[in-house]
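Here's the structure we're looking at; comments come further down.
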Amino acid sequence: MTDCIFCKIIKGEIPAKFVYQDELMVGFYDISPKAPVHVLVMPKKHLESLRSVNDGEKDLMGEVILTVHNVAKKLGIDKGGYKVVINNGEGAGQLVFHLHLHLLGGWNKSPGWQV
Ligand code: 5GP
Ligand code: ZN
């Protein structure tokens, strides 16, 4: 989608600090972190939110869950514990309408932060 900020990041048109990339998925640091580690993991495919996911995306949705856990492992926040949040719709605080998972963690290593 041409005016989607995450599609632009995925295409390399806007810079971001990537932590993961494969054929289907990307993970990059959130520009405004709400936890010591705050990464956005998402399919490259432009889907607006869970509200626009259908049966054809079952495999992709499974893949994104496995990816978010693998990124948590890669960043060393899996053992300490992490949260995964998906905002769906403006009423839930979604600001960017390209389906993404917020991976939040690292509190045990950063005492100044509240879980
Ligand atoms: P949402 O509220 O849609 O679930 O989350 C959007 C997230 O994207 C927010 O946490 C926001 O900080 C992040 N974000 C917005 N614009 C950019 C950007 O240009 N680069 C990066 N890395 N993150 C962004
Ligand atoms: Zn997009």
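The values are calculated or read from the model by the stated rules, or taken from the named source; none is laboratory data. The shown structure was predicted, so the numbers you read here are calculated from the model rather than taken from an experiment. Because the Cβ atoms are built from the backbone with ideal geometry, glycine has one as well, and the counts that use them run over all protein chains shown. Quick note on the areas: whole protein, heavy atoms, side chains included, nothing else; ligands and nucleic acids left out. Shrake-Rupley method; radii C 1.70, N 1.55, O 1.52, S 1.80 Å.
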When (1) within 13 Å of ligand 1 (Cβ to nearest atom); (2) outside any loop (DSSP other than H, G, I, E, B) are applied to residue 108, the one that fails is (1)
The lone condition residue 25 fails out of (1) in contact with a Ser or Thr (Cβ under 9 Å, 6 or more places away or on another chain); (2) closer than 20 Å to residue 115 by Cβ is (2)
Checking 17, 8 in turn, the sole residue that is open to solvent by 70 Å² or more (accessible area, probe 1.4 Å) and not hydrophobic (A, V, I, L, M, F, W, C) turns out to be 17
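Residue-by-condition table, conditions (1) within 16 Å of ligand 2 (Cβ to nearest atom); (2) surrounded by fewer than 16 Cβ atoms within 10 Å (Cβ to Cβ):
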{"site": "64", "(1), (2)": "yes, no"}
{"site": "81", "(1), (2)": "no, yes"}
{"site": "104", "(1), (2)": "no, no"}
{"site": "112", "(1), (2)": "no, yes"}
Of the residues in the stretch 1-58, those that are within 18 Å of residue 104 (Cβ to Cβ), β-branched (Val, Ile, Thr) and touching a residue at least 24 places away in the same chain (Cβ under 8 Å) come to 19, 37, 39, 41
Per the filter on the stretch 77-97, residues closer than 16 Å to residue 41 by Cβ and either outside any loop (DSSP other than H, G, I, E, B) or more than 16 Å from ligand 1 (Cβ to nearest atom) (or both) are 77, 78, 82, 83, 84, 85
